Amino acid sequence: MDPLTLGGIVAIATVFVLFSGISVATGLLVVSAVFLLIFDGLRSLELLPEILFGKLDNFALLSIPMFIIMGASIASTRAGADLYEALERWLTRVPGGLVVSNLGACALFAAMSGSSPATCAAIGKMGIPEMRKRGYPDGVAAGSIAAGGTLGILIPPSVTMIVYGIATETSIGRLFLAGVFPGLLLVGLFMIWSLYSTWRHGSAEVLAKRSYTWRQRFEIMPRVLPFLLIILGVLYAMYGGVATPSETAAVGALLCLLIAMIIYRLWSPAALWTVLRDSTRESVMILFIIAAAGVFSYMLSSLFITQAIAEWIGTLDVNRWVLMGVINIFLLVAGFFLPPVAVILMAAPILLPIIIAAGFDPYWFAVVLTINMEIGLISPPVGLNLYVINGIAPDISLKTILSGSIPYVACMVIAIILLCFFPEIAVWLPNAVMGAAI
Amino acid sequence: MATLNTNSVAQTGNNPFLKVVAALSNLSGWIAASFILLAVCVTCQMIFVRFVLNQSTIWQTEFVVYLMIAATLLGLPYVQRLRGHVNVDLLPIMLPQAARKTLAVITLLLGIVMMGIMVFYGFEFWYEAWSRNWRSDTVWGVRLWIPYLAMPVGLILYMLQLIADLVALLQGIEKPFGIEGET
């Protein structure tokens, strides 16, 4: 059979199997095994355990459980609330300080955790009730946190960027840097919308400035400074050429655990076990998808599907921006249904050669792809963050959360468009710090 | 929706088989979690040796990667028990109760068969390394059957947990896909 037709059949079969409700990783294994069995014979199944093991046999992957532990140990404390409180106390000159502080805290927390749902939960648990108490509209309170939480996968360290780096064999350090300014751009857009929306709702008085004494400003610092120092330490270690992302992440994880224990008195074995259990659950889930997606991409390339698709796209004589538009729509749709990690693992190895052939920068593309995945996190039907918000603020209806999030989706689309016109937003920092990419 | 239920755990009712499997999955999960924690500590130790003591490290990199792989494989049954493997449950939610249950049975059976195949070849993969006494081609030269052991053990426990889920579903102890309520 023509590999391209076969590719189409594989795509349909994959959608069909994944929509059955089987777990994503097992589903990918089933699809891979069936197609290998039919087109490569029984002997090809023998290789499955070796490929599965081999895909995990990578030191770079170690950074995933490490960053997850880092995020989970901070998320188990009230550090999220401390972060936005500290920001609010210092940002008294800014109108709407609370929502601005919450978004800022999301960005900072994202810089420690690498995970979107974790960011959402850590800041939202205290931030949403506080914003509502002070009269911010429910839609803004829920939407800003849902959207702010998505920054977790864009602002470094980011688990999705690590996965992209591994799937495409690009530099994880460079990917991290590429996410910084687009992340800040998004935070800015989110803030502008939140303030405008609150003002338009006639809640102008809640935007009024509050004042804090210097004493209040300083007394909160001991609780947030250690985390800020860890962020700086992690960045220094990674870009000062001291250590690899995995090594840095391990130190970060240990420090965050210790800080949670010392400053937030997270002593009890039960509380520590909760952190460890949640980290194990998330790490195992992600690593298993990575291993299964590795088997899946092995199947695609051993049946020559990957190569055939790349060749076929090459023969299509389309404008590179039309191509980029189509790819974006494809990613967006995939992101509506599948977790970011799964989309990246399945799509990146196929898309990357096409992207490079069309003259796009792979690091720039990583950012665009990640923002697409962020949109998926706050849009139905998957919208993991929407459910996290629903879980921490059960009395806000899912409809309000949803309608509150839609404007933030628009902000992300604007960010993607800006990135298309000004790719430097993403690639300037990595080029400046690490030299031009080859 | 690719949902992550954060607070659900597979129910066992009074079924002794389900209880035994639950205990095995929990044990496996604890081992996985401690492997991850150990990997954190060993990596930190490695950094200390390399950057503070300025000595070279021999076994750490390989060791922590094997710990992570073992944690992943041994964590599978536990994460299945915690309902932590993400899935797309859009279709199951839309289906009526009876069809949802049928679909749940089919997906569990698919998973069990898949894991059965993986266990079979996974055992071969391990046995080959063990009988031929393969060693990794690094300075440390670890006997490969040790890290490879996680493959058959983790997968067989995962398969057992899937079988237990199927039993719980058929006996009405668990709701199909863990979805509450009628649609």
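Please determine, in degrees from 0 to 90 and to the nearest 10, the orientation of helix A:97-113 with respect to the longest principal axis defined by the Cα atoms of chain A, where the helix direction is its Cα long axis.
Long axis of A:97-113 versus the principal axis of chain A: about 40 degrees.
Suppose we compare each residue of segment A:45-62 in its chain alone and in the full protein complex with a 1.4 Å probe; which ones drop by at least 50 Å² of accessible area?
A:P49, A:F53, A:L56, A:F59, A:L62
Note the buried accessible area between B and A here, summed over both chains, with a 1.4 Å probe, in Å² to the nearest 100. All intermediate terms of the calculation are to be shown ahead of the outcome.
Details: alone 10960 and 18830 Å², together 24720 Å².
Looking at B and A, the buried total is near 5100 Å².
Please list, or write none, the aspartates and glutamates whose alpha carbon is within less than 14 Å of the alpha carbon of B:K175, excluding same-chain residues fewer than 8 places away.
Answer for B:K175, where 14 Å is the Cα cut-off: B:D89, B:D165, listed by chain and number.
When ligands, DNA and RNA are left out and all protein chains stay put, how many square angstrom of accessible area per residue does segment B:65-171 have with a 1.4 Å probe?
Working: 4330 Å² over 107 residues.
Per residue, segment B:65-171 has an accessible area of 40 Å².
When chain A is treated as a GNM, springs tying every alpha-carbon pair under 10 Å, which of A:I172, A:I263, A:I344 comes out with the largest mean-square fluctuation?
A:I263
Multiply the residue gap between B:Q55 and B:S34 by 0.36 nm, knock off their C-alpha separation, and tell me the result in nm, one decimal place. Please list the in-between numbers first.
Details: separation 21, 0.36 × 21 = 7.56 nm, distance 2.70 nm.
Full extension from B:Q55 to B:S34 adds 4.9 nm.
For the protein assembly as shown, give the percent of accessible area contributed by carbon and sulfur heavy atoms, probe 1.4 Å, rounded to a whole number. Please report the intermediate quantities before stating the final value.
Values: 16970 of 24720 Å².
Taking all protein chains in place, the protein assembly as shown shows 69 percent carbon and sulfur surface.
Which Cα, out of A:I22, A:N102, B:F120, lies furthest along the positive dipole direction of the protein assembly as shown (beta carbon charges, K/R +1, D/E -1)?
The listed residue farthest towards the positive side: A:N102.
List the residues of segment B:117-148 for which accessible area in the full set of protein chains is at least 50 Å² lower than for the chain on its own; 1.4 Å probe, protein heavy atoms only.
B:M118, B:Y121, B:F125
Which loop chymotrypsin sites (Phe, Trp or Tyr not before Pro) in segment B:38-136, with loop taken from DSSP, have no more than 16 other Cβ atoms within 10 angstrom of their Cβ? Let's see the in-between values first.
On the way: sites: B:F48, B:F51, B:W59, B:F63, B:Y66, B:Y78, B:F120, B:Y121, B:F123, B:F125, B:W126, B:Y127, B:W130, B:W134; in loops: B:W59, B:W134.
Passing sites in segment B:38-136 are B:W59, B:W134.
Taking segment A:70-139, which trypsin sites (Lys or Arg not before Pro) meet the DSSP loop condition and have no more than 10 other C-beta atoms within 10 Å?
On the way: sites: A:R78, A:R89, A:R93, A:K125, A:R132, A:K133, A:R134; in loops: A:R78, A:R93, A:R134.
Listed in order of number, the matching sites are A:R93.
Straight-line reach from A:K133: which lysines have a Cα under 23 Å away, not including same-chain ones fewer than 8 places off?
Once the sequence-local lysines are set aside, what remains near A:K133 is A:K125, A:K209, A:K399.
For chain A, with only Lys/Arg (+1) and Asp/Glu (-1) charged at the beta-carbon, what is the dipole magnitude about the Cα centre, in debye rounded to 20? Please report the intermediate quantities before stating the final value.
Values: 21 positive and 22 negative charges, 326 e Å.
Roughly 1560 debye, rounded to the nearest 20.
By its C-alpha gyration tensor, with a ≥ b ≥ c as the square roots of the eigenvalues, how is the protein assembly as shown shaped: rounded for a/c under 1.5, else prolate for a/b larger than b/c, else oblate? All intermediate terms of the calculation are to be shown ahead of the outcome.
Values: a/c = 1.35, a/b = 1.33, b/c = 1.02.
Rounded, since a/c falls under 1.5.
Measure nothing but the geometry: give the 0 to 90° angle between the long axis through the Cα atoms of A:245-262 and the longest principal axis through the Cα atoms of chain A, rounded to 10°.
30 degrees
Mind checking the per residue accessible area of chain A for me, 1.4 Å probe, whole number of Å²?
Numbers: 16300 Å² over 438 residues.
That works out to 37 Å² for each residue.
Run the numbers on segment A:119-185 and let me know its relative contact order in percent, using alpha-carbon pairs under 8 Å that are six or more apart.
Over segment A:119-185, the number comes to 27 percent.
Which FRET efficiency value, to the nearest 0.05, do you get for A:T315 and A:R215 by plugging their Cβ-Cβ distance into 1/(1 + (r/R0)^6) with R0 = 51 Å? Working shown, then result.
On the way: r = 69 Å, r/R0 = 1.36.
According to the calculation, E is roughly 0.15.
Run the simple label-point estimate for A:R78 and A:I406 please: 7 Å along Cα→C-beta, distance reported in nm.
3.7 nm
Hey, rough spin-label estimate for A:L229 and B:E128, points 7 angstrom out along Cα→Cβ, what's it come to in nanometres?
Between A:L229 and B:E128, the label points sit 5.1 nm apart.
Which FRET efficiency, nearest 0.05, do B:V142 and A:N58 yield, Cβ-Cβ r, R0 22 Å? Walk me through the numbers before you get to the answer.
Values: r = 17 Å, r/R0 = 0.76.
Approximately 0.85, to the nearest 0.05.
The values are calculated or read from the model by the stated rules, or taken from the named source; none is laboratory data. What you are looking at is a predicted structure, and each value in this text was computed from that prediction instead of being measured. Cβ sites come from the backbone with ideal geometry, for glycine too, and all protein chains shown count toward neighbours. Quick note on the areas: whole protein, heavy atoms, side chains included, nothing else; ligands and nucleic acids left out. Shrake-Rupley method; radii C 1.70, N 1.55, O 1.52, S 1.80 Å.
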